[in-house]
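Participant: The structure follows.
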Amino acid sequence: MDFSHWERSPRSSWRMAVLMGANSRTYKFALGAALLDAAAEGRSEILLRDLAAPYAMGLVRHLGQAPQVSQKGERGEKDFLSVAEREAAESLRLGSPTEELLAAAVDSMPRMVMRKFHNLRGEGAEVPHRFYEVTGRSHEKVVRLSKELSDIARSEQAPTLRGELSARWSIVETSFAAGIGRSLIDEGVAVDMTTLQITDRRRRRPVTGVTDAVIGFQHGLCMICAELITPGIDVIAVDHVFPYSFMRLLRPGGGGTAPDLDAVWNLAPTHAWCNGQKSNRPPVPAEMIRLAQRNEAIMRSPHPLKKTLKLTLEHNGHKGTRPGQWFTFVQHVRDLL
Ligand SMILES: [Zn+2]
């Protein structure tokens, strides 16, 4: 059962669009954040230029932290990102985009990011729900925000969607950074268990929190009870699905070493209460299936979380990226006990 069949809802379509598409630039995240904000205000339509302002400012703020385009990305002087770089300092000083930046955003959004947002990677297909439609004439375009967008932006789960969007943005822009990006793409990410942050292996600097980085791939559900985790109400814990204390009990597997239980593949957000109840028991079959499904979903997202999981499989003698490998691997770890 793949990601979209697991939960076929506007929220899962949103996650497919934000978490799973290919990324050569970060425009999609800036658009996603601007759309969520506009819909959260209860608007059903917005002038393109009013959506373009927060979109452009989101990108400009991120430009100060990391590159917003992959090293391979080509661009010319009229490229929106080139304009954003030129206009960044002045826009930040003003607290709103300069006229030139705004005009470039209004011009490029309908042609670029807004045409691609709903696309699924490499399949010529789109996610099953639409979040907006661009209408109106060229001089004053209007963006109609769909009911599906309004529902997700105004639900209790909206803060989770924002958190995972911002985590994905951090992960992707870090993978674009010279030096660090290469190591992330080649070696995957590490986890700092003290702070529960995903870090790059080279600098050991935090990129984003484990919970925000992976919760979207498990549909915002607790790995133990499979109920929604509601931000602001539920206390969240990061569970070792196979308890860490099992490390010394595991016999070496196919790769000659025992699987690392302190790694992304085995860590999952849960309700703190469920985590406390679970204590040190091994995962039950339903939890193992959910963990495998979650990891299969991550394998469909681009670097570097996918790379991290791929390396886990390889180091343990499971070569290749066949769909369904995680079900075999999780059972294999259970059998090592
Ligand atoms: Zn729970």
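Participant: Fewest Cβ neighbours within 10 Å first, please rank Tyr55, Tyr132, Tyr244, Tyr27 accordingly. Spell out each step's value before the answer.
Facilitator: On the way: Tyr55 29, Tyr132 21, Tyr244 14, Tyr27 24.
Fewest-to-most ranking of Tyr55, Tyr132, Tyr244, Tyr27: Tyr244, Tyr132, Tyr27, Tyr55.
Participant: If neighbour count is taken as other Cβ atoms inside 10 Å, put Met193, Met223 in order from fewest to most.
Facilitator: Fewest to most other Cβ atoms nearby, the residues stand as Met193, Met223.
Participant: In whole angstrom, how far apart do the alpha carbon centroids of segment 63-120 and segment 164-186 sit?
Facilitator: Segment 63-120 and segment 164-186 have Cα centres separated by 18 Å.
Participant: Relative to the Cα centre, what is the charge dipole magnitude of segment 66-144, using +1 at the beta carbon of each Lys and Arg, -1 at the beta carbon of each Asp and Glu, and rounding to the nearest 20 debye?
Facilitator: Dipole of segment 66-144, to the nearest 20 debye: 320 debye.
Participant: Let me ask another. Sort largest first and round to whole Å: the equivalent ellipsoid semi-axes of segment 195-240, each the square root of five times a Cα gyration tensor eigenvalue.
Facilitator: 24, 10, 9
Participant: Further question: Regarding the chain, what is the average projected area of its C-alpha convex hull, in nm²?
Facilitator: Working: hull surface 69.2 nm².
Convex hull of Cα atoms, orientation-averaged projection: 17.3 nm².
Participant: Counting other beta carbons within 10 Å of each residue's own, what order do Thr211, Thr328, Thr194 fall into, fewest first?
Facilitator: Details: Thr211 22, Thr328 12, Thr194 6.
Lowest count first: Thr194, Thr328, Thr211.
Participant: Based on Cβ point charges of +1 for Lys and Arg and -1 for Asp and Glu, what charge dipole magnitude is obtained for the chain about its Cα centre, in debye rounded to the nearest 20? Please report the intermediate quantities before stating the final value.
Facilitator: Numbers: 44 positive and 38 negative charges, 144 e Å.
It comes to approximately 700 debye.
Participant: What does the net charge come to around Val241 if you take all other residues with beta carbon closer than 14 Å to its beta carbon, with K and R at +1 and D and E at -1?
Facilitator: On the way: positive: Lys278, Arg281, Arg290, Arg294, Arg334; negative: Asp239, Asp260, Asp262, Glu287.
The answer is +1.
Participant: Normalised by the number of residues in the chain, what is the relative contact order in percent for Cα pairs under 8 Å and 6+ residues apart?
Facilitator: Values: 524 pairs, mean separation 60.8, N = 337.
With pairs under 8 Å counted, the relative contact order is 18 percent.
Participant: Compute the convex hull volume of the Cα atoms of segment 85-235, divide it by the residue count, and report the result per residue in Å³ as a whole number.
Facilitator: Details: hull volume 29.1 nm³, N = 151.
Value for segment 85-235: 193 Å³ per residue.
Participant: Compare the Cα positions of Ala258, Ala237, Ala34 along the charge dipole of the chain (+1 at Cβ of Lys, Arg; -1 at Cβ of Asp, Glu; about the Cα centre) and return the one farthest towards the positive end.
Facilitator: The listed residue farthest towards the positive side: Ala258.
Participant: Now a separate question. Using +1 at the C-beta of Lys and Arg and -1 at the C-beta of Asp and Glu, which of Asn295, Val18, Cys274 has the Cα lying farthest in the positive direction of the dipole of the chain?
Facilitator: So the residue furthest toward the plus end is Asn295.
Participant: Around Ile46, with a cut-off of 13 angstrom between Cβ atoms, what is the net charge of the other residues, counting Lys and Arg +1 and Asp and Glu -1? Show your work: numbers first, answer last.
Facilitator: Values: positive: Arg43, Arg49, Lys141, Arg144; negative: Asp37, Glu41, Glu45, Asp50, Glu133, Glu140.
Neighbour charge sum, excluding Ile46 itself: -2.
Participant: Mind jotting down a quarter of the surface of the convex hull over the alpha carbons of segment 185-337, in square nanometres, one decimal? Please list the in-between numbers first.
Facilitator: Details: hull surface 34.4 nm².
Averaging across all directions leaves 8.6 nm² for the Cα convex hull.
Participant: If you place +1 on the Cβ of every Lys and Arg and -1 on the Cβ of every Asp and Glu, how big does the dipole about the Cα centre of segment 111-216 come out, in debye to the nearest 20?
Facilitator: Details: 18 positive and 14 negative charges, 86 e Å.
Roughly 420 debye for segment 111-216.
Participant: So what's the net charge close to Pro259: Lys and Arg +1, Asp and Glu -1, counting the other residues with Cβ under 12 Å from its Cβ?
Facilitator: On the way: positive: Arg251, Arg334; negative: Asp260, Asp262, Glu314, Asp335.
Here the charged neighbours net out to -2.
Participant: Can you give the helix-only mean residue ellipticity at 222 nm for the chain, where every DSSP H stretch with n ≥ 4 adds -39500 (n - 2.57) and the sum goes over all residues, rounded to the nearest 500 deg cm²/dmol? Don't skip to the end; give the middle numbers.
Facilitator: Working: 15 runs with 156 residues, N = 337.
My calculation for the chain gives -14000 deg cm²/dmol from helical runs alone.
Here, each number is a calculation from the coordinates, and none is a lab measurement. Every value quoted in this text rests on a predicted model; they were computed, and no experiment measured them. In this analysis, Cβ positions are derived from the backbone assuming ideal geometry, glycine residues included, and neighbour counts consider all displayed protein chains.
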